[in-house]
Amino acid sequence: MQLAESNVQEHERKEPEEKNMNFVVGMLAHEAKGICTEPEYKQIKREAEARFEQLCAENRETPKAMKKHTELCIFPAIAVYETLLKHGMEKEAAVDRISGFFVGLSGKGFKAVSAWLHLFGNYHRYPANFVKNSLRDFSPEAGFEYVMPEGSDPAAARFDIIKCPYHEMCKKYNCPELNRAFCDSDDAKYGHLHPKLMWRRTGTLGKGAACCDFLIADVTRSRNSR
């Protein structure tokens, strides 16, 4: 990734100081810091922030519940991804960097959850809580659609997502390859919560499957773990 020096100098003359950024855009843009010059890194940050603001403006009528996903995760990722491509990074390398960021963030964020699940048999409660929290945070108002399986297994959280705003927005902005960054972060969140909690998903919308088939089961109690 190499910018023409004159372009960098011109941009710096126009913007002597940087404005405050969406913090996720800033952290994602930081992924480029080790592979480019300092002036180029600063320009990537500025351009990504401008693109993020544009994406938010284009989708200002989005329901509030969906904005928790678009403005915190989806649009920052798209803004930085497009900017990295504009500055010469290959698609696969850019997706890998953004995926690595979200995977790392998710893994760290769920360490406290994992620690709690290791206390007093709390892992037994997790499948039921997972369904409850998913229906709240990944609701139809947020752009998700579910198919719930017939029958009841209180020791397992099982449902298929057939519509997802992460998938829809990546398609809308012509970057379906970026979708896997969000899919991979789910594996980091749920794959290592507890030895007796099984995480399984055979496919995702973002990787070409017909649905995202979520399953988290207490292996000591659930018939879905067999």
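A few notes on this one:
- Unique match (being within 26 Å of Val95 (Cβ to Cβ) and either surrounded by fewer than 19 Cβ atoms within 10 Å (Cβ to Cβ) or free of Cβ contacts under 8 Å to residues at least 40 places away in the same chain (or both)) among Tyr146, Tyr173: Tyr173
- The single condition among (1) more than 23 Å from Arg158 (Cβ to Cβ); (2) part of a helix (DSSP H, G or I); (3) assigned by TED's automatic domain parsing to the domain that holds Thr220 that Phe102 does not meet is (3).
- Qualifying positions in region 18-34 - of a type outside the set (D, E, K, R), surrounded by 14 or more Cβ atoms within 10 Å (Cβ to Cβ) and without any contact (Cβ under 8 Å) to a residue 60 or more places away in the chain: Met21, Asn22, Val24, Val25, Gly26, Ala29, His30
- Any chance Asn179 is surrounded by fewer than 16 Cβ atoms within 10 Å (Cβ to Cβ) and either closer than 22 Å to Ala79 by Cβ or under 13 Å from the mean Cα position of the chain (by Cα) (or both): no
- Every condition in (1) farther than 19 Å from Ser185 by Cβ; (2) assigned to a helix (DSSP H, G or I); (3) at pLDDT 85 or above; (4) acidic (Asp, Glu) is met by Glu12 except one, and the failing one is (3).
- Of all the criteria given as (1) surrounded by fewer than 16 Cβ atoms within 10 Å (Cβ to Cβ); (2) under 15 Å from Leu178 (Cβ atoms); (3) among the aliphatic types (A, V, I, L, M), the one not satisfied by Leu55 is (1).
- Inside region 195-207, residues that are under 25 Å from Ala128 (Cα atoms) and crowded, with 21+ Cβ neighbours inside 10 Å make up a count of 3.
- Subset of region 208-226 (residues that are in contact with a helix residue (DSSP H, G or I) (Cβ under 8 Å, 6 or more places away or on another chain) and either modelled with pLDDT of 95 or more or surrounded by 17 or more Cβ atoms within 10 Å (Cβ to Cβ) (or both)): Cys211, Cys212, Phe214, Leu215, Ile216, Ala217, Asp218, Ser222
- Residues of region 135-170 satisfying the condition of being among the hydroxyl-bearing types (Ser, Thr, Tyr) and in a helix (DSSP H, G or I): Tyr166
The values are calculated or read from the model by the stated rules, or taken from the named source; none is laboratory data. For clarity, every value in this text was computed on a predicted model and none was experimentally measured. Ideal geometry is used to build each Cβ from the backbone, glycine not excepted, and the neighbour counts take in all protein chains shown.
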